[in-house]
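Here the structure comes first, spelled out in structure tokens, and everything after it is commentary.
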Amino acid sequence: MITAATRLVALLGHPVSHSLSPRMQNAAFAARALDWAYVACDVDPDALHAAVAGLRALGFAGANVTIPHKGAVAELCDELDDLSRRSGAVNTLVFSDGRIVGANTDGPAVAGAVDPPSAHVLVLGRGGGARAVAVALEDAGAASVRLASRSDADWPPVDDDATILVNATPLRDETPVTPRAHQQVVDLAYRTDGHPTALVAAAREAGCTTVVDGLEILVRQGAAAFELWTGVPAPLEVMRAAVARIV
């Protein structure tokens, strides 16, 4: 039950109805016996500034930020972590002593799931998530990182030298690039019906060396955000179990 003592965390995006973050984070709060609650808020881009100011005024502990707000919200923060500052993308807000601290847990979630040193990376997308992933993989030792967008003239991109392929677009039902067996493949997108995205299915069929789906990235970035808000170790297996249940 939510009471006046309950600490609140929000998800800001547009749309957010598909998100599994509320299920995952609320399961994590319960597992750690925290009187916290996580709510999803559909926020139009024109209302983002007012929404963030409102969360601060209402005493929220923090927030997650998803498409299409990861870039715009960085400009509303009083302080940014290093990755957010360099990528211009924020996916986690911490409200502390009246200040808004912006962080990015997307990039480390991807970099920690693959083997970046000396890799040649192709990131599909140029949005906030894509930029954060690119910077994190460069920091982790990738030899090269290239971003490709659906707005590019040469879409779909050629991935002749890519050893890591990351989808940071919302595409779930098509594979702009065909995975090959020697590649490590990460998809930030996920489906809530228990079925793999088209890219994940193709990567598994191709026998790719590493295949990381969007649910695992959701858990990894969510666990890091949980720890930023609460200061408590995240219950990873509880979070994985929460998102694994088919809607």
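List of remarks:
- Residue in region 79-102 that is touching a Cys at 6+ places or on another chain (Cβ under 8 Å) and not in a strand (DSSP E or B) present: yes
- Sole exception among (1) of a type in the set (Lys, Arg); (2) closer than 30 Å to residue 30 by Cα; (3) in contact (Cβ under 8 Å) with a residue 40 or more places away in the chain for residue 191, by number: (3)
- Answer from 10, 57, 37, 5 - the residue that is in a strand (DSSP E or B) and over 30 Å from residue 139 (Cα atoms): 37
- Just so you know, in region 104-128 the residues that are in contact with a Leu (Cβ under 6 Å, 6 or more places away or on another chain) and not in a loop (DSSP other than H, G, I, E, B) include one that is surrounded by the fewest Cβ atoms within 10 Å (Cβ to Cβ), and it is 122.
- Scanning region 136-156 for residues that are surrounded by fewer than 19 Cβ atoms within 10 Å (Cβ to Cβ) and either touching a strand residue (DSSP E or B) at 6+ places or on another chain (Cβ under 9 Å) or at pLDDT below 95 (or both) gives 138, 143, 144, 146, 149, 150, 151, 152, 153, 154, 155, 156.
- Some residue of region 23-33 being touching a strand residue (DSSP E or B) at 6+ places or on another chain (Cβ under 8 Å), within 19 Å of residue 129 (Cα to Cα) and in contact (Cβ under 8 Å) with a residue 40 or more places away in the chain: no
- Residues located in region 224-239, provided they are under 17 Å from residue 7 (Cα atoms) and either in a helix (DSSP H, G or I) or in the same structural domain as residue 132 (by TED's automatic domain parsing) (or both): 225, 226, 227, 228, 229, 230
The values are calculated or read from the model by the stated rules, or taken from the named source; none is laboratory data. Note that the structure is predicted; figures quoted are calculated from it, not measured. Positions of Cβ are backbone-derived with ideal geometry, glycine not excepted, and every protein chain shown enters the neighbour counts.
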